[in-house]
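The values are calculated or read from the model by the stated rules, or taken from the named source; none is laboratory data. Please read these numbers as outputs of a predicted model, since none were measured by experiment. Cβ placement follows ideal geometry from the backbone for every residue including glycine, while neighbour counts extend to all protein chains displayed. Heavy atoms of the whole protein, side chains included, go into the accessibility calculation; ligands, DNA and RNA do not. Shrake-Rupley method; radii C 1.70, N 1.55, O 1.52, S 1.80 Å.
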Amino acid sequence: MVEQAQQGYVVRRARTSDVRRIQALVEPLVQQRILLGKDDVVFYEAVQEFRVAETPDGQLIGCGALHVIWEDLGEVRTLAVSADHLGTGVGHALVERLEHDAIELGLRRLFCLTFETGFFTRHGYQEIGEEIVPPEVYAQLVRSSDEGVAEFLDLARVKPNTLGNTRMLKLL
């Protein structure tokens, strides 16, 4: 297991024992309608996609996930930092780690759906339009039941949950 030490915290792979703490970290953002809520089972199913930032005393102060969408395309999901650690570099460290993971997997593009356009712009993401995959790939992706893929494709069924969010992409 590779851990990334930072000033006052470590970024590491999430474990199943972290799921409840990830949910607690994300819940205030769900209540503010910044992130979409997820059922417990969804967090457990995706735990291998998550990285967490943890202080030496075991406090979970940030999380983020990398979800593979297609051969060369992934999504940064559920990026959250505790309110008392905003602006301290935790989000940056998590995105950097997720991008490193994406490169290791062979991905060349990362997508995110966000209200935090300034943050992601500083990390090299740019706003995107609708047609960023070839029609034959679109035809495959549209079959996915994953909500993130639907958000990426900007399908009408997810628009009520994503109003105001910006679709952004980074080339790795």
Next on the checklist: Quick check: the distance between the Cα centres of the range 1-77 and the range 93-122, to the nearest angstrom?
Outcome noted: 14
Next on the checklist: How charged is the neighbourhood of Leu73? Take every other residue with its Cβ under 10 Å from the Cβ of Leu73, and add Lys/Arg as +1 and Asp/Glu as -1.
Outcome noted: -1
Checklist entry - Mind listing the phi-derived Karplus ³J(HN,Hα) values for the range 35-44, rounded to whole Hz, using 6.51, -1.76 and 1.60 with θ = phi - 60°, and x for any glycine or proline? => result 10, 7, x, 9, 6, 3, 4, 5, 5, 5
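In square angstrom, what is the accessible area per residue of the range 1-137 with a 1.4 angstrom probe?
On the way: 7410 Å² over 137 residues.
Here the per-residue accessible area is 54 Å².
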Next on the checklist: Rounded to the nearest 20 debye, what is the charge dipole size of the range 17-79 about its Cα centre when +1 sits on each Lys and Arg Cβ and -1 on each Asp and Glu Cβ?
Outcome noted: 260
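At 0.36 nm per residue, and after removing the present C-alpha to C-alpha distance, how many nm does the segment from Ala83 to Glu45 gain when stretched out fully?
Numbers: separation 38, 0.36 × 38 = 13.68 nm, distance 2.61 nm.
So the extension gain works out to 11.1 nm.
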Next on the checklist: Starting from 0.36 nm per residue, how many nanometres of slack lie between Ser145 and Thr55 once their C-alpha separation is accounted for?
Outcome noted: 28.9 nm
Checklist entry - Tell me, what ³J(HN,Hα) does each residue in the range 65-81 have, in order and in whole Hz, if you take phi through Karplus 6.51 cos²θ - 1.76 cosθ + 1.60 with θ = phi - 60° and put x for Gly and Pro? => result 10, 10, 10, 6, 9, 8, 3, 10, 10, x, 10, 7, 10, 6, 7, 9, 10
Checklist entry - How far apart, in nm, are two points set 7 Å out from the Cα along the Cα-to-Cβ line at Val10 and at Trp70? => result 3.8
